[in-house]
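Taking it in order: structure first as structure tokens, then the write-up.
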Amino acid sequence: MIAPSPAYNDAMAASPPFRIVHTVCSHDCPDSCAVLVTVNEEGRAVKVEGDPKQPVTRGFLCGKVAKYLDRVYAPDRVLYPLKRKSKAQKGPRPRGREHEAFERVSWDQALDAIAARLQETSDRYGPESILPYSYAGTIGVLGFGSMDRRFFHRLGGSQLDRTICSEAGGQAWNLVYGKKLGTPTEDFRLAKLILAWGANIHGNNIHLWPFVEEARRNGARLIVIDPYRTRTAAVADRHIAIRPGTDVALALGMMHVILNEGLEDRAYIDEMTHGFDALAERVREYTPERVAAWTGMTAGEIERLAREYATTRPAALRLNYGVQRSENGGAAVRAIAMLPALTGAWKMRGGGGQLSMSGGFAWDKKALERPDLALASPLGRLARVVNMSELGQALTESGTKGLGTEGLKAAADGPAVHALFVYNSNPGAIAPNHNAVRRGLERADLFTVVHEQFFTDTTDYADFVLPATTFLEHTDVQGAYGHYFVQLSQQAIAPRGEARSNVWLFGQLAQRMGFSEPCFRDTPEEMIRQALAIGADGHSANAGMEHITVEELEREGHVPLAIHAAPEAEPFLPYTAGPLATPSGKIEFYSEALAAAGLDGLPGFVPPVESRWGAMAKQYPLELLARKNDNYMNSTFANLPGHRKMEARTNQKLEIHPQDAEARGVGEGDVVRVFNERGTIELTVMLNAHLPAGVVAARLDWAKRHPGGANVNALTSERLTDIGGGATFYSTLVEVERAGNRD
Ligand code: SF4
């Protein structure tokens, strides 16, 4: 047990039966908060609180997790393995009655039956017909990807390309810088200008906010660039509501002004970058006037923004992943990421920028995931890769309705999918092109296993539902993409009911499948040591973690990476010394690697197919922002009454500009049909004059919570981003009409 913080010692001094356990919030959020859990003598968690000693958590939690015990002890948690009753059809069940489709079975029965079915599927169709589907339901290192990866490699199951959230932006950033690093979060307090680009700091990166506020108290300005007036935009010094998908044009337009007026940092460019001349040539065509026509800004606004950004020192950019969920999202992230390289903003503490800092954490993934086990699979090689952003296609191939087992066409590079194993995710709600996904999940011949904490849109289609632990109920180790601390998450309470962790589940299943490799018996503690590559001297062998020991993590809860070990004496200034991990060893304005792949070596603005400039706009003229909620984590938390209450104002609403509403003869409170060629949903009109005209917004909710059983993803497509094969949730065209007008 770690030593409690002084604050806790004080608070608990009079309550000796209580113990304090250091855990880490494992939800998909940059902040990766250190969470102290108070456990009473019955072993029940009675309080969760942010660790005041952790320099980024600073003693507070967001509204989502401050109420975490509501989730852990929710009366409707799935607590036992469940098997679909033989006569219970797959499909949505009324909320609160989902369990009627299932019968309780023991873990032994469930594991034996699942192992037998996977074996049969593998024998009949080949192991690649088995598809794992997971994402960041937990971002703990073990929970996100360890024993599960070992299992599927050894099985020969298809590999999943986990693209749905951040791959386009991550790859784009790496094309420029080689590695995802950024300005330390704590250093934002030193900035004099903060540019939040597609970043709703107040909504989903709340632990950066106190540093932003401190900077503002010291005279900094906060400018938000976002088509939607987020909580952050509403309290910023300036909100620039550009049109969706035009970020790349704005970034190139800013570069045009910066270079035209000689505001670039020539010395930094000469020393640290590659391809400047090509970039300078490219941005010549991005005049403020042309960019204004695309973005909806005025030329003067573009010039002002560029000057302000280039001449204020230090200037910090907080770029977030919303920008990359567009067809041209990769180019957008590349272009925006280049701005601090052009102005030399990285040179000053408090300047530079952040997309993700996950590149600082060099976990020993080979040891954790064991790709070598694929050689022992029936394939004798690594399996084919299926892109998770195309799940609808993967489950239905051409999307044809009603295909049975034999009617499914084999994918060009492997068999059709006949078994789906879902964990850490809820594709029935979060995957694009919901109707195609649903058609796939409905297939009676598709064997589906779901490891979950609650009945969701996906468990409605499961053959087996297996109970999963929360982060209070298992042990893990975690980095972050919004700070530079390695943290240990210790198990605070016994799992509720028969809930089990991912590590336990896939280890047990491997043994039922007859996989005899000793690694399937590793304990979480052993795997934490493997992730850290702990050597004979007790220290990590991972780059940048050499000073870290498990004992120190147990004692302190959090330990900074080497780059952040002495932030005052030796502040970390990313990308100020080479060589970088790019092909040229420098920051790449021009990418030969992209050019060699037949792509544009420079960022350029290509209007999305699904945008006001595309042919589809004639039929579906409105650009939809399929947004997430501030108080949910994608679909997580949307089942809890307290969290739903916090989102009641915008839940199942269509936010629309008054002009667009008037043109369609609808007004506040009217029920409208929102549709395109992929689907239709009904929402209630909420007028929002802050949206750019021609743009509407709606939020992700569970499909089964909608009266029609389909959520906003019935409208989104499986079209992929230009880089990284990511999902394009923010390149979606729709039309809106009063409900009841259409056949
Ligand atoms: S969701 Fe994010 S802000 Fe909230 S507790 Fe978890 S890590 Fe912290």
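Label-to-label distance, Leu79 versus Glu525, with points set 7 angstrom from Cα along the beta-carbon direction: 2.8 nm. The alpha-carbon atoms of the range 286-349 define a convex hull whose volume equals 94 cubic angstrom per residue. Looking at the range 415-495 alone, DSSP beta bridges between its own residues are antiparallel in about 25 percent of cases.
Quick check: at a probe of 1.4 Å, how many percent of the accessible area of the range 480-569 sits on carbon and sulfur atoms?
On the way: 1830 of 3550 Å².
Heavy-atom surface of the range 480-569 belonging to carbon and sulfur, 1.4 Å probe: 52 percent.
Averaging the Cα positions of each part gives two centres, and for the range 308-358 and the range 135-202 these lie 16 Å apart.
On the accessible surface of the range 599-650, probed at 1.4 Å, how many percent belong to carbon and sulfur atoms? Roughly 59 percent of what the probe reaches on the range 599-650 is carbon or sulfur. Any idea what log10 I(q)/I(0) is at q = 0.05 Å⁻¹ for the chain, Debye with uniform C-alpha scatterers and no solvent? Calculated log10 I(q)/I(0) at the listed q: -0.24.
Tell me, in nm to one decimal, what length is gained between Ala597 and Phe60 on full extension, where the rule is 0.36 nm per residue of separation less the Cα-Cα distance?
So the chain would gain 188.7 nm between Ala597 and Phe60.
What distance in nm separates the two pseudo spin-label positions at Arg19 and Ser516, each 7 Å out from Cα along the beta-carbon direction? A separation of 3.9 nm, rounded to one decimal place.
Counting DSSP beta bridges in the chain, what percent are antiparallel, to the nearest 5?
Looking only at bridges with both residues in the chain, the antiparallel portion is about 45 percent.
Length gained on full extension, Glu662 to Asp123, computed as 0.36 nm times the residue gap minus the Cα-Cα distance: 188.1 nm. Counting only protein heavy atoms and a 1.4 Å probe, the chain has 35 square angstrom of accessible area per residue.
Here the Karplus relation 6.51 cos²θ - 1.76 cosθ + 1.60, evaluated at θ = phi - 60°, turns the backbone of the range 473-478 into coupling constants of 10, 8, 9, 7, 10, 8 Hz, with x for every Gly and Pro. The string of couplings for the range 135-150 from the Karplus curve (6.51, -1.76, 1.60, θ = phi - 60°) is 9, 10, x, 9, 10, x, 4, 6, x, 6, x, 7, 4, 4, 5, 4 Hz, one whole number per residue in order, with x for Gly and Pro. A DSSP coil position with no more than 13 other Cβ atoms inside 10 Å describes the following GluC sites (Glu not before Pro) in the range 562-626: Glu568.
Indicate the gyration tensor shape class of the range 170-269 (rounded, prolate or oblate), computed on the Cα atoms with a ≥ b ≥ c the square roots of the eigenvalues: a/c under 1.5 is rounded; otherwise a/b larger than b/c is prolate and the rest oblate. Could the numbers behind the result be given before it?
Details: a/c = 1.41, a/b = 1.26, b/c = 1.12.
Judged from the Cα gyration tensor, the range 170-269 comes out rounded (a/c under 1.5).
Each part gets one Cα centre, and for the range 424-488 versus the range 601-628 those centres are 30 Å apart.
Relative contact order of the range 177-308, taken over Cα pairs closer than 8 Å and 6 or more residues apart, is 20 percent. A full extension of the chain between Ala569 and His690 corresponds to an added length of 39.1 nm, given 0.36 nm per residue minus the alpha carbon distance. The range 681-743 and the range 227-262 have Cα centres lying 24 Å from one another.
Any of Lys47/Lys83; Lys67/Lys347; Lys347/Lys628; Lys53/Lys192 with alpha carbons more than 29 Å apart? Name them for me.
Numbers: Lys47/Lys83 34 Å; Lys67/Lys347 41 Å; Lys347/Lys628 34 Å; Lys53/Lys192 27 Å.
Result: Lys47/Lys83; Lys67/Lys347; Lys347/Lys628 exceed 29 Å.
The values are calculated or read from the model by the stated rules, or taken from the named source; none is laboratory data. These figures come from a predicted structure and were not determined experimentally. In this analysis, Cβ positions are derived from the backbone assuming ideal geometry, glycine residues included, and neighbour counts consider all displayed protein chains. Heavy atoms of the whole protein, side chains included, go into the accessibility calculation; ligands, DNA and RNA do not. Shrake-Rupley method; radii C 1.70, N 1.55, O 1.52, S 1.80 Å.
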